[in-house]
Amino acid sequence: MNAHRLLLLSLCTLLVSLSPSLVQQAQGESPSPDVSPLAQTSTAWRDFRSTEGRFEVMLPKPPEQMQQMIDLPGESIPLYSFACEDTSADYLISYADYPQEFISRIGEPSEFLDAVKEGFLGGVQAEDVVTQSRRLQGYPGLVVEYMTPDGAAGYAHFYLVNDRLYQVMVTSKSGNSGNWPENAQRFLSSFNLR
């Protein structure tokens, strides 16, 4: 596994861990997923579907699938990740189901997504270039364009679907523009809930 993919996976962990202030607020001080690639007719980009994850997306090749536990106040939750790469970028989709009480203590979905974004940017010391609200099939989301300290460009889409947080990220390989914009757009626009 290359350094870019490790970075993406660590980003994913940071995202679901959120920031310390958010964890304090949430405390209220007061099996492997079933996945399958869709039919593949060429070596070009292909559809990938996760039955358990309830999503589909286009990827340049079948992803590596991982599961890890994330510690929240008082409990741990599983995080499911799907990662792959091509010559221009690294691609990552992950999801985790948060306890509804945890989300409710943070506030409105937009506040939860803002906190996730801030935790992500702070965790990787990335600069927020553009952030926009977005809805996916009626569910709230945020689209973030960012720049890492080593000059890699990236996009992160965060969607809160009831108690499930989806993270859809693509990061360019430093110094290699290649067909990065086209591939990033293909990947991000193909993500859909099932």
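Table for the structure above
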{"quantity": "Residue within segment 127-145 that is farther than 27 Å from Arg194 by Cβ, within 15 Å of the chain's Cα centre (by Cα) and open to solvent by less than 40 Å² (accessible area, probe 1.4 Å) present", "calculated": "no"}
{"quantity": "Every residue from segment 79-126 that is more than 29 Å from Asn179 (Cα to Cα), assigned to a strand (DSSP E or B), open to solvent by less than 40 Å² (accessible area, probe 1.4 Å) and out of contact with any Leu (no Cβ under 7 Å at 6 or more places or on another chain)", "calculated": "Leu79"}
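The values are calculated or read from the model by the stated rules, or taken from the named source; none is laboratory data. These figures come from a predicted structure and were not determined experimentally. Don't worry about glycine lacking a Cβ; one is built from the backbone with ideal geometry, like all the others, and counts go over all protein chains shown. Just the protein is used for accessible areas: all its heavy atoms, side chains included, with ligands, DNA and RNA removed. Shrake-Rupley method; radii C 1.70, N 1.55, O 1.52, S 1.80 Å.
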